[in-house]
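This is the structure I want to talk about, given as structure tokens.
The values are calculated or read from the model by the stated rules, or taken from the named source; none is laboratory data. Here the structure is a predicted model, which means the values were calculated and not measured. Glycine also receives a Cβ, built like all others from the backbone with ideal geometry; neighbour counts cover every protein chain displayed.
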Amino acid sequence: MKHRNSHFLVGYWSRIRCGREIPDQTDINPRAIKRLLAYAFILDCENPTNPVYRLGGTALCERFGFELKGFDFLTHWDARSSLALKGLLKQSLKTKKPLCLSSVAVTTGHNTSELETILAPVSFNGCEPRRFFGLMQFLSDPASLLGRVIAYERLKAFKLIQEDEPSQGQDDLPPPSCFVLRSHPKAPYLGLVVSQDQPILPTSEAGDFLPRMFECL
């Protein structure tokens, strides 16, 4: 893992387990991770081949140009990455270990930015893990996106996080032979900029996400 907020999320996930293999979604206290909420999300993986957003942070929705709730997580990845992610999500749920993804985001204007995404498995009401608590962070300057929304992502590397080895992934995917650029004609053009050196997000970005998070819990 490269981003400090990724380490923070995995550390928080580990603490709230309280000796269990994984925490329950109801153990998550949104106020304890308030600085992360704008780029946080919850995935429903009842069917790991069709993971659906139950909730998406405000800044994250802005980056993709639409409300993520109810949207298939895999459809904004290129075909090769989507296929790989189906197996990775299953493996993370089976092993009950957080998954770290390194990817490249490509905008409708073909600008790129490097991303890091954490997917931490959680149970719900004590059942087997069927959900992920996730976080997406920019590793490169998001100003390179020039205010355009993300059209698709390409997976570069991945790593199942061992508690004693929270290091960056080495499992690089071979580059796909071609890309299919999906545009979102109704998506707004935005100029949101977040500095990696200043990961604490403005309160206004997380404000409406807090009550929605509590409702989801």
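Among the residues of segment 51-65, is there at least one that is part of a loop (DSSP other than H, G, I, E, B) and over 21 Å from Leu89 (Cβ atoms)?
Yes - at least one qualifying residue is present in segment 51-65.
Residue check: is Val106 over 19 Å from Asn5 (Cα atoms) and either at pLDDT 90 or above or basic (Lys, Arg) (or both)?
Criteria met by Val106.
For segment 69-97, which positions are aliphatic (A, V, I, L, M) and either closer than 16 Å to Ile118 by Cβ or in contact (Cβ under 8 Å) with a residue 60 or more places away in the chain (or both)?
Result: Ala79, Ala84, Leu85, Leu88, Leu89, Leu93.
Scan segment 94-114 residue by residue and report those that are more than 30 Å from Ile22 (Cβ to Cβ) and part of a strand (DSSP E or B). Talk me through it step by step, then tell me what you get.
To start, the set of residues in segment 94-114 that are more than 30 Å from Ile22 (Cβ to Cβ) comprises 106-113.
Answer for segment 94-114, where residues must be more than 30 Å from Ile22 (Cβ to Cβ) and part of a strand (DSSP E or B): Val106, Thr107, Thr112, Ser113.
Conditions (1) in contact with a strand residue (DSSP E or B) (Cβ under 9 Å, 6 or more places away or on another chain); (2) of a type in the set (D, E, K, R), marked per residue:
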| site | (1), (2) |
| --- | --- |
| Arg35 | no, yes |
| Phe41 | yes, no |
| Tyr53 | yes, no |
| Gly56 | yes, no |
| Glu62 | no, yes |
| Phe66 | no, no |
| Gly70 | yes, no |
| Leu93 | yes, no |
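Something else: With the requirement that a residue be assigned to a helix (DSSP H, G or I), of a type in the set (Gly, Ala, Ser) and farther than 23 Å from Gly70 by Cα, what does segment 1-49 give you? Before you say what the answer is, go through the steps one by one.
As a first pass, look at segment 1-49 and keep what is assigned to a helix (DSSP H, G or I): 4-15, 25-27, 30-39.
From what is left, the residues that are of a type in the set (Gly, Ala, Ser) are 6, 11, 14, 32, 38.
Result: Ser6, Gly11, Ser14, Ala32.
Could you look through segment 68-96, keep only residues that are surrounded by fewer than 18 Cβ atoms within 10 Å (Cβ to Cβ) and of a type in the set (Ser, Thr, Tyr), and pick out the one that is farthest from Gln162 (Cα to Cα)?
Per the stated criteria, the residue is Thr75.
For every residue, the table says whether it meets (1) over 23 Å from Leu83 (Cα atoms); (2) charged (D, E, K, R); (3) crowded, with 21+ Cβ neighbours inside 10 Å.
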site	(1), (2), (3)
His7	yes, no, no
Trp13	yes, no, yes
Gly19	yes, no, no
Gln25	yes, no, no
Asn29	yes, no, no
Arg35	yes, yes, no
Phe41	no, no, yes
Gly57	yes, no, yes
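Against the definition (modelled with pLDDT under 95 and more than 28 Å from Thr26 (Cα to Cα)), how does Asn125 come out, yes or no?
Working: modelled with pLDDT under 95: yes; more than 28 Å from Thr26 (Cα to Cα): no.
Against the criterion (modelled with pLDDT under 95 and more than 28 Å from Thr26 (Cα to Cα)), Asn125 does not qualify.
In segment 13-36, how many are touching a residue at least 40 places away in the same chain (Cβ under 8 Å) and under 18 Å from Leu99 (Cβ atoms)?
The number of residues fulfilling the criteria is 8.
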